[in-house]
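A short write-up of the structure that comes next.
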Amino acid sequence: NSNPFTVEVSVLPNLIITNPAAVCATGTVDLTAAGTTNGSTAGLTYTYWANAAATVALANASDVAIGGTYYIKGTTAEGCSVVKPVIVSFLPIPTAILSGGGIICEGSNKTLTVTLAGTPPFQLVYTNGTVSTTVNSIASNTYQFTVAPLANTTYTITSVTDANCSNTGTSASATINVEQAIPG
């Protein structure tokens, strides 16, 4: 006795992953953005995972703040699925160190040195507490400027920007104390 029956075989979906562009370390990445799976089989349902076995769910797939390899699972309406890795990268934020403070005599000047870390060209904003100065197109990792304060002054870097990112959280500073001239 035999009964004919039909077996329907579903084809595995085509899951195409495009790693998102690297963002600054202070930002986040949205793995659920359409561009991440653009070109995949239409109609897939996507889930996001922290491991290749797709057993540990990624709770914040639209707001990933830590670089690494994550996994996207694309599932068809018939239940067929494919899991592929996606790499999240972050760019370091630029930093600045200001040195050269100290004591000068009234009427003298002093050279301050800014040591920059990041990818040139840099933009730098510093203040003397009253006036802010912006310096653009710094091509190297060291920048120097000369100051001639009339009174004790603290110079503070308020922001530094490199070719990729900005850092407004820097507060590198150097203080110059001015010794008044001794009367004759």
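Between the residues THR146, THR127, ALA42, the greatest Cα displacement towards the positive end of the dipole of the chain, with unit charges on the Cβ of Lys, Arg, Asp and Glu, is found for THR146. Annotation for ALA77 and ASP63: the two label points, set 7 Å from Cα along the Cα-Cβ direction, are 3.3 nm apart. Can you figure out the FRET efficiency of CYS105 with VAL135, using R₀ = 30 Å and their beta-carbon distance, to the nearest 0.05? The value I calculate is 0.70. A cysteine counts as unpartnered when no other cysteine's C-beta lies under 4.7 Å of its own; in the chain this applies to CYS80, CYS105. For PHE90, the accessible area of its heavy atoms, probed at 1.4 Å with every protein chain present, is near 50 square angstrom. 3J(HN,Hα) along the stretch 135-151, derived from phi through the Karplus expression 6.51 cos²θ - 1.76 cosθ + 1.60 where θ = phi - 60°, amounts to 10, 9, 6, 7, 8, 10, 8, 10, 9, 10, 9, 9, 10, 9, x, 8, 9 Hz, with x in place of Gly and Pro.
Plainly put, the chain has a radius of gyration that is 1.35 times its Kirkwood radius, both from alpha-carbon atoms, as the Rg/Rh ratio.
Accessible area per residue was computed with a 1.4 Å probe on protein heavy atoms; VAL131 scores about 80 Å². Does the stretch 120-164 come out rounded, prolate or oblate by the C-alpha gyration tensor, with a ≥ b ≥ c the root eigenvalues, rounded set by a/c under 1.5 and, if not, prolate when a/b is larger than b/c and oblate if not? Judged from the Cα gyration tensor, the stretch 120-164 comes out prolate (a/c at least 1.5, a/b above b/c).
I need the shape label for the stretch 18-76. Rule: rounded when a/c is under 1.5, else prolate if a/b > b/c, else oblate, with a, b, c from the alpha carbon gyration tensor. In terms of gyration-tensor shape, oblate. Taking all protein chains as they are arranged and a probe of 1.4 Å, the heavy atoms of GLU179 leave approximately 100 Å² accessible to solvent.
The values are calculated or read from the model by the stated rules, or taken from the named source; none is laboratory data. Just so you know, these numbers come straight off a predicted model, no measurement behind them. When we count neighbours, we look across all protein chains shown, and the Cβ atoms used for this are built from the backbone with ideal geometry, even at glycine. Areas reflect the complete protein model, heavy atoms only, side chains present, ligands, DNA and RNA absent. Shrake-Rupley method; radii C 1.70, N 1.55, O 1.52, S 1.80 Å.
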